[in-house]
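All remarks here apply to the structure that follows.
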Amino acid sequence: MAHVSGNRRTDSASRIIVASPQTIYQSFLHPEALVSWLPPEGMSGHIDMFNPREGGTYRLTLTYEMDHSNPGKTSENTDVSRVKFLELVPNKRIVQSVKFHSDDQEFLGEMKQTWLLESISEGTKVTIICENVPEGIRKEDHDTGLRSTLENLATFTE
């Protein structure tokens, strides 16, 4: 059985996106849409077995497209994860469980990722909260990746 430390952290990021909560919510429910904006800058993505319902899962492979300082979680240039939709509240909230496929103990465990969509006059305030972040994910790298993903989501939906 894998050892997973109890000293996990929570990372978060938010951004105002000039699009409706409905438009943003829908971008999570179609694999072609999701894979076009979810990968942070410098990465591309591929989704297998996509089932967008509470309890449904998908398998996400992120591939580094350029040189990077740290190896991938699954292989030298990939991060593979199994994502489960824990909660889908239309136009308000998406809660997911993320488990990385890795031989490295520092990437094991279940990370909970909550996406909050708050309707505001300018559009939607989107907040990502990642709880139980694996120790192997450096905070600086995660913060950069979360900001990049939000920028991609804005570009995709605005």
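The values are calculated or read from the model by the stated rules, or taken from the named source; none is laboratory data. The shown structure was predicted, so the numbers you read here are calculated from the model rather than taken from an experiment. Note: areas computed on protein heavy atoms with side chains; ligands, DNA, RNA excluded. Shrake-Rupley method; radii C 1.70, N 1.55, O 1.52, S 1.80 Å.
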- Given a 1.4 Å probe, the accessible area of the chain per residue, as a whole number of Å², is 53 Å²
- Computed on Cα atoms, Rg of the chain relative to 2.2 N^0.38 Å comes out at 1.00
- Task: Please list the non-local residues whose amide H lies under 5 Å from the amide H of ARG9, H modeled 1.01 Å from N, same-chain partners needing a gap of 5 or more.
- Result: ASN132, VAL133
- Note on the structure: Counting sequence-distant residues (5 or more places) and residues on other chains, those with an amide H built under 5 Å from that of ALA19 are THR124
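How much length is gained if the chain between LYS84 and GLU32 is pulled fully straight, taking 0.36 nm per residue apart and subtracting their Cα-Cα distance, in nm to one decimal? Could you put the intermediate results ahead of the total?
Working: separation 52, 0.36 × 52 = 18.72 nm, distance 1.73 nm.
Residue separation times 0.36 nm, minus the Cα-Cα distance, leaves 17.0 nm.
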- Item | Sequence-distant aspartates and glutamates (8 or more away, or on other chains) whose Cα lies within less than 18 Å of LYS125 | ASP11, ASP143, GLU151, GLU158
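Quantify, in whole percent, the carbon and sulfur part of the accessible surface of region 98-158 (1.4 Å probe; protein heavy atoms only).
On the way: 1430 of 3070 Å².
Carbon-and-sulfur percentage of accessible area, whole number: 47.
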- Note on the structure: Calc'd 3J(HN,Hα), region 60-65, phi into Karplus 6.51 cos²θ - 1.76 cosθ + 1.60 (θ = phi - 60°), Hz, glycine/Pro = x, comes to 10, 10, 9, 10, 6, 8
- Query: If one takes the longest principal axis of the Cα atoms in the chain, at what angle in degrees, from 0 to 90 and to the nearest 10, does the Cα axis of helix 139-157 lie?
  - Reply: 30 degrees
- Note on the structure: The extension gain from ASN91 to ASP103, computed as 0.36 nm times the residue separation minus the Cα-Cα distance, is 0.7 nm
- With θ set to phi - 60°, apply the Karplus curve 6.51 cos²θ - 1.76 cosθ + 1.60 along region 113-122 and write out the HN-Hα couplings as whole Hz, x wherever there is a Gly or Pro. 10, 10, 10, 9, 10, 10, 5, 9, 4, 7
